[in-house]
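Report on the structure given below.
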Amino acid sequence: MSAYSYAILEAPSTLGLATEGVERLPEQLLELGLADRINARHAGRLAVPPRQPTPDTETGVLNAEAIASWSPKLADAMEPLLDAGEFPVVLGGDCTILLGSMLALKRRGRYGLLFIDGNADFFQPEAEPNGEGASMDLAFATGHGPTLLTDIEGHSPLVRTEDAVALAYRDHKDQEEFGSQPLPKELKALDLPLVREMGIEAATREALDHLLRPELDGFFIHLDADCLDDAIMPAVDFRVPGGLSWGELEMALRIAMGSGKAVGLEVTIYNPRLDEDGSAGHGLSEVLTAALEHAAR
């Protein structure tokens, strides 16, 4: 019997971006056979409300009202999967889908977050040049930002700051240039330079040590494709040099899944429109398949 029973949920939101294209992520990964290869059932596709061209005047965030009203719908779609003991594989979409995913878990108990992303996503609205929520999602999820987006259903924070780990981010120059707020000291931060110093295996195990504390009921995995080296994953809207190799990402996911305490995973930001030869999507599909298949044995 498999250790995990996977259910794929499509959440093709672009509400957190000024650009489009990432809404095709689920379609592309499914066309590459991800569901069949990990023996996952298809649990549906969420409709996403229309986008607005300019940021909300009150919060300074693009589509703030839509994100706040749509996130509970994603949580509602995840709940029956969790109730059935299934492992949701949520295919985004941009990074603001994190709010719906963590809301589903906050309704149930105290869960941690393994945040694997090329960017720390901790901007505040006044420092984000385009008002894109996809640059602020970790901040919102941990209760830092406008109440509309941090206190959904009165559940602020969706994940406690001390229960989150940011792994392999490398956007330090952009944080400095635009004046992003620093990560709180309570949030465990293992940036890419530290990952390089420690090695991916040791860094991931340190992250897991933090997330396997007895007071947590489990943890959720956020995976942004831009955590990967720009040379192998150019199909993202905001490119930063460097990043993880395919092998490093696969190892991190295998270690996380192997803990037995991961309760779900979301994949964001891969943009098929920017994947000219299809190699980025193929590589992402291969890594996900290898890590999830391994965990299901």
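The values are calculated or read from the model by the stated rules, or taken from the named source; none is laboratory data. Bear in mind that the values here come from a model prediction, so they are computed numbers and not experimental data. So basically every Cβ, Gly included, is an ideal-geometry build from the backbone, and we count neighbours across all protein chains shown. These area figures cover heavy atoms from the full protein model, side chains too; ligands, DNA and RNA do not enter into them. Shrake-Rupley method; radii C 1.70, N 1.55, O 1.52, S 1.80 Å.
Suppose every Lys and Arg Cβ carries +1 and every Asp and Glu Cβ carries -1, with no other charges. What dipole size does the chain come out with about its Cα centre, to the nearest 20 debye? Don't jump to the answer; show the numbers that get you there.
On the way: 23 positive and 49 negative charges, 189 e Å.
Taking the Cα centre of the chain as origin, the dipole is about 900 debye.
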**OP:** Pick out, from 279, 138, 240, the residue whose Cα sits farthest towards the positive end of the charge dipole of the chain, with +1 on the Cβ of Lys and Arg and -1 on the Cβ of Asp and Glu.
**Re:** 138
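Given region 1-151, what percent of its DSSP beta bridges are antiparallel, to the nearest 5?
Of those bridges, close to 10 percent are antiparallel.
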**OP:** Pop out the carbon and sulfur fraction of the accessible area of region 1-160 as a percent, whole number, probe 1.4 Å.
**Re:** 46 percent
Original post:
With the chain treated as a Gaussian network of Cα nodes joined by springs under 10 Å, which of 279, 156, 135 yields the largest mean-square fluctuation?
Top reply: 279
Subject >> Under-5 Å amide H pairs with residue 244, H placed in peptide plane, nonlocal only >> reply: 228, 229
Original post:
Ignoring ligands and nucleic acids, what accessible area does residue 188 show with a 1.4 Å probe (Å², nearest 10)?
Top reply: 50 Å²
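So in the chain, what percent of DSSP beta bridges are antiparallel if you round to the nearest 5? Mind dumping the intermediate values first?
Details: 1 of 31 bridges.
Roughly 5 percent of the beta bridges in the chain run antiparallel, per DSSP.
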**OP:** Could you go through region 93-105 in sequence order and give the Karplus-derived ³J(HN,Hα) for each residue, using 6.51 cos²θ - 1.76 cosθ + 1.60 with θ = phi - 60°, rounded to whole Hz, and x for Gly and Pro?
**Re:** x, 8, 6, 5, 4, 3, 5, x, 4, 6, 5, 4, 7
Subject >> Around residue 187: net Lys/Arg minus Asp/Glu count, Cβ-Cβ under 11 Å >> reply: 0
**OP:** Give the label of the value calculated from the structure for P(r) over Cα pairs in 10 Å bins from 0, in percent, choosing from (i) 5, 22, 25, 20, 15, 9, 3, 1, 0; (ii) 7, 32, 41, 20, 1, 0; (iii) 6, 24, 32, 26, 10, 2, 0, 0.
**Re:** (ii)
Original post:
Once fully extended, how much extra length lies between residue 47 and residue 197, figured as 0.36 nm per residue of separation less the alpha-carbon to alpha-carbon distance?
Top reply: 49.7 nm
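For the peptides 47-53, 127-133, what is the packing order when you average, over each peptide's residues, the other Cβ atoms within 10 Å and list the highest mean first?
On the way: 47-53: 12.0, 127-133: 20.4.
Going from most to least packed, we get 127-133, 47-53.
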Original post:
Short version: ³J(HN,Hα) in whole Hz for each residue of region 141-153, in order, from phi by Karplus 6.51 cos²θ - 1.76 cosθ + 1.60 (θ = phi - 60°), x for Gly and Pro, what are they?
Top reply: 4, 9, x, 10, x, x, 4, 3, 10, 9, 10, 5, 6
**OP:** Taking only Cα atoms and a 10 Å spring cutoff, compute GNM fluctuations for the chain and point out the largest among 207, 225, 84.
**Re:** 84
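Run lengths n ≥ 4 of DSSP H only: what is the helix-derived mean residue ellipticity at 222 nm for the chain, with -39500 (n - 2.57) per run over all residues, to the nearest 500? Spell out each step's value before the answer.
On the way: 11 runs with 106 residues, N = 297.
For the chain, the value works out to -10500 deg cm²/dmol.
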Original post:
What accessible area per residue comes out for the chain, rounded to a whole number of Å², with a 1.4 Å probe?
Top reply: 39 Å²
**OP:** Rank 217, 226, 163 by mean-square fluctuation in a GNM of the chain with C-alpha springs under 10 angstrom and give only the top-ranked residue.
**Re:** 217
